[in-house]
Amino acid sequence: MLIQELYELYLKAGCVVTTDSRNCPSGSMFFALKGERFDGNRYAHSAIGQGCSFAVVDDKSVVADSRYILVDNVLSTLRELARYHRNVLGVPVLGITGTNGKTTTKELVAAVLSRKYNVLYTHGNLNNSIGVPLTVLGLRKEHNFAVVEMGASHPGDIEELVNVCCPDFGLITNVGHAHLQGFGSFEGVKKTKGELYDFLKKKDAHKVFVLSDSSDLMEMSSGMDRILYGSSNGAVCGNVYAGNSFFLEFEWNSEQYSIGIRSVKTNLVGSYNLDNVLAAITVGLYFGVPVEDIEKAVGEYVPSNNRSQLCKTENNTLIVDAYNANPTSMCAALSNFSTIRSDNKMVILGAMRELGEYSVQEHIQVIEQLAGMNLNKVWLIGPEFLAVRSHAPAGFVFYESTDFMTETLRSQHLKGYTILLKGSNSNNLSGVVDLL
């Protein structure tokens with residue numbers, strides 16, 4: 001079936017798609033995706049029975065009638081349909097990627113732009129090979145802007161995603177040491193994230209928002225039409241206000257837009273979020289959002305999903321940053337925590353994943369950074385930390401898993417601490433918040 005014909009059926013389905021046979025809105029189109037442990041083709045009959053108008057499948061044996069659309073590859077077809085839909089509507093798209101901060105930046109940018117535009121943006125963490133096309137297929141005629149987040153863990157991932165959402169503008173938050181097992185090296189990280197720039201360079205207009213403090217991003221974007229932001233160079237400049245608050249407070253100004261020094265208080269924990277808010281301000285100014293609306297959007301944004309969240313329990317004050325962790329973000333989180341004034345400081349860190357041959361070296365560096373901090377307790381979780389425990393000073397406590405640490409928490413009842421929880425999502429550190 002030609003993509004144009006499939007698109008007509010998509011329109012008949014009310015432009016509603018689903019990949020979950022347990023969630024089948026009436027009249028929608030079901031895509032029978034495959035995974036390592038499941039085959040969506042097996043659920044196509046169920047999807048039709050529950051109200052889907054059509055089921056896109058790549059297993060001929062499940063085709064029962066004209067409602068079953070047989071294609072060579074369901075995932076490839078999903079991406080092709082999304083690309084076609086995006087080009088039909090022609091809505092301006094800002095593509096965002098980066099090693100750290102891309103989700104927070106996406107949320108902030110969307111909050112700012114929503115003050116003026118009807119914005120479609122990536123929800124949650126739907127930034128992969130399935131999430132991006134599903135996001136794009138959520139575009140409607142009433143939208144006049146889209147902000148699409150793209151994640152990557154292997155070379156070619158961003159190239160694949162930009163060819164689905166076809167961005168008109170680009171923003172790479174930063175490039176750092178993450179997913180090194182998949183990328184092979186830091187240069188591999190840069191090359192893959194740079195696939196967003198590579199796509200835009202092929203377009204007549206290739207405007208990008210670039211952090212001027214990053215020599216890597218400045219080099220990667222050389223020759224492009226850049227709007228800069230940073231601590232001292234760019235359309236927007238800003239610096240952290242040195243207060244005693246847990247939350248990020250900063251000052252910013254813009255000579256380009258004739259805006260003097262202004263101060264903003266946020267609900268974001270961590271000075272490392274400064275680049276994210278400056279990016280959102282820069283995007284907002286470029287697209288004509290009034291300054292007061294920009295600052296209101298940034299100031300009112302409250303993080304969720306265990307990213308830079310401050311939680312005060314009955315017993316302790318927690319900084320929960322437990323959705324993702326890599327050497328770059330871990331270093332930033334610890335550096336920020338070291339500036340927080342508290343008599344009883346504790347860190348609970350989960351191991352960093354997907355570092356391959358770099359794992360031992362990077363976990364040793366974390367331990368060395370911890371050893372130089374003024375901390376009352378240090379608990380480290382995971383086999384990656386256990387493998388380098390000989391490099392730790394006396395007093396550091398190691399656990400094979402979060403489950404083992406949970407047993408200790410149930411018996412010790414910690415109280416009166418300021419605690420940083422940081423680790424890859426697979427450590428499930430968010431699951432211990434109720435015990436603290």
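The values are calculated or read from the model by the stated rules, or taken from the named source; none is laboratory data. All of these numbers come straight from a predicted model, not from anything done at the bench. Don't worry about glycine lacking a Cβ; one is built from the backbone with ideal geometry, like all the others, and counts go over all protein chains shown. Areas reflect the complete protein model, heavy atoms only, side chains present, ligands, DNA and RNA absent. Shrake-Rupley method; radii C 1.70, N 1.55, O 1.52, S 1.80 Å.
Place a label point 7 angstrom from the Cα of residue 267 along the Cα-to-Cβ direction, then list the residues of the stretch 302-335 whose backbone nitrogen is under 14 Å away. From the stretch 302-335, the list is 302-312.
For the residues 174, 144, 273, a GNM of the chain with alpha-carbon springs under 10 Å puts the largest fluctuation on 144. Distance between the pseudo-spin-label points of residue 357 and residue 245 (7 Å out from Cα toward the beta carbon): 4.7 nm. The stretch 207-256 and the stretch 277-333 have Cα centres separated by 16 Å.
Computing Rg and the Kirkwood Rh from the Cα coordinates of the stretch 26-133 gives a ratio, Rg/Rh, of 1.06.
Taking the Cα centre of the stretch 51-173 as origin, work out the dipole magnitude from +1 charges on Lys and Arg Cβ and -1 charges on Asp and Glu Cβ, in debye rounded to 20.
Working: 11 positive and 12 negative charges, 104 e Å.
Value, rounded to 20: 500 debye.
Charge tally for residue 252 (other residues, Cβ to Cβ under 10 Å; Lys, Arg +1; Asp, Glu -1): -1. For the residue pairs 106/201; 141/193; 265/422, the C-alpha atoms sit more than 25 angstrom apart in 141/193. Here the gap between residue 11 and residue 76, fully extended at 0.36 nm per residue and compared with their Cα-Cα distance, gives a gain of 21.5 nm. Label positions at residue 407 and residue 39, each projected 7 Å from the Cα along the C-beta direction, are separated by 4.1 nm.
Evaluating kT/(6 pi eta Rh) at 4 °C and 1.567 mPa s, with the Kirkwood radius of the stretch 316-436 over Cα pairs in the Stokes-Einstein relation, gives 91 µm² s⁻¹.
Given all pairs of different Cα atoms, what value in angstroms does the Kirkwood hydrodynamic radius of the stretch 330-388 take?
On the way: mean 1/r = 0.0831 Å⁻¹.
For the stretch 330-388, the Kirkwood estimate is 12.0 Å.
Annotation: lysines with alpha-carbon distance below 21 angstrom to residue 34 (same-chain offsets under eight excluded): 60. Across the stretch 154-259, the volume of the C-alpha convex hull divided among the residues equals 135 Å³ per residue.
Give the accessible surface of the chain per residue, rounded to a whole number of Å², with probe radius 1.4 Å and ligands, DNA and RNA excluded. Don't skip to the end; give the middle numbers.
Working: 18960 Å² over 436 residues.
Per-residue value: 43 Å².
Between the stretch 120-158 and the stretch 44-113, the alpha-carbon centres lie 9 Å apart.
The eigenvalues of the Cα gyration tensor, multiplied by 5 and square-rooted, give the stretch 183-231 an equivalent ellipsoid with semi-axes of 18, 16, 7 Å from largest to smallest. Here the stretch 212-329 is treated as an ellipsoid with the same Cα gyration tensor; its semi-axes, largest first and in whole Å, are 27, 18, 12.
Can you give the calculated 222 nm mean residue ellipticity of the chain, where each DSSP H run of n ≥ 4 adds -39,500 (n - 2.57) and the sum is split over every residue, rounded to the nearest 500 deg cm²/dmol?
Values: 16 runs with 147 residues, N = 436.
Estimated from H runs of four or more residues: -9500 deg cm²/dmol.
In the complete set of protein chains, residue-level accessible area for residue 43 is approximately 90 Å², probe 1.4 angstrom.
Taking every eigenvalue of the Cα gyration tensor of the stretch 115-168, multiplying by 5 and rooting it, what semi-axes result, largest first, whole Å? Walk me through the numbers before you get to the answer.
Details: eigenvalues 89, 22, 18 Å².
Sorted largest first and rounded, they come to 21, 10, 9 Å.
Over the chain, what percent of the accessible surface lies on carbon and sulfur atoms, probe 1.4 Å? Carbon plus sulfur share of accessible area: 45 percent.
Summary of packing: across the peptides 247-255, 74-82, 104-112, the per-residue average of other C-beta atoms within 10 Å ranks them, highest first, as 104-112, 74-82, 247-255. The Cα-based radius of gyration of the chain, divided by its Kirkwood radius, gives an Rg/Rh of 1.00. Pairs of alpha carbons in the stretch 42-94 separated by more than 15 Å make up 54% of all such pairs.
Counting only other residues whose beta carbon sits under 13 Å from that of residue 361, what net charge do I get with K and R as +1, D and E as -1?
-4
Amide H to amide H distances under 5 Å link residue 355 with 181, where only residues 5 or more positions off or on other chains count and H is placed in the peptide plane. Computed from the C-beta positions of residue 338 and residue 87 and an R0 of 51 Å, the FRET efficiency is 0.55 to the nearest 0.05.
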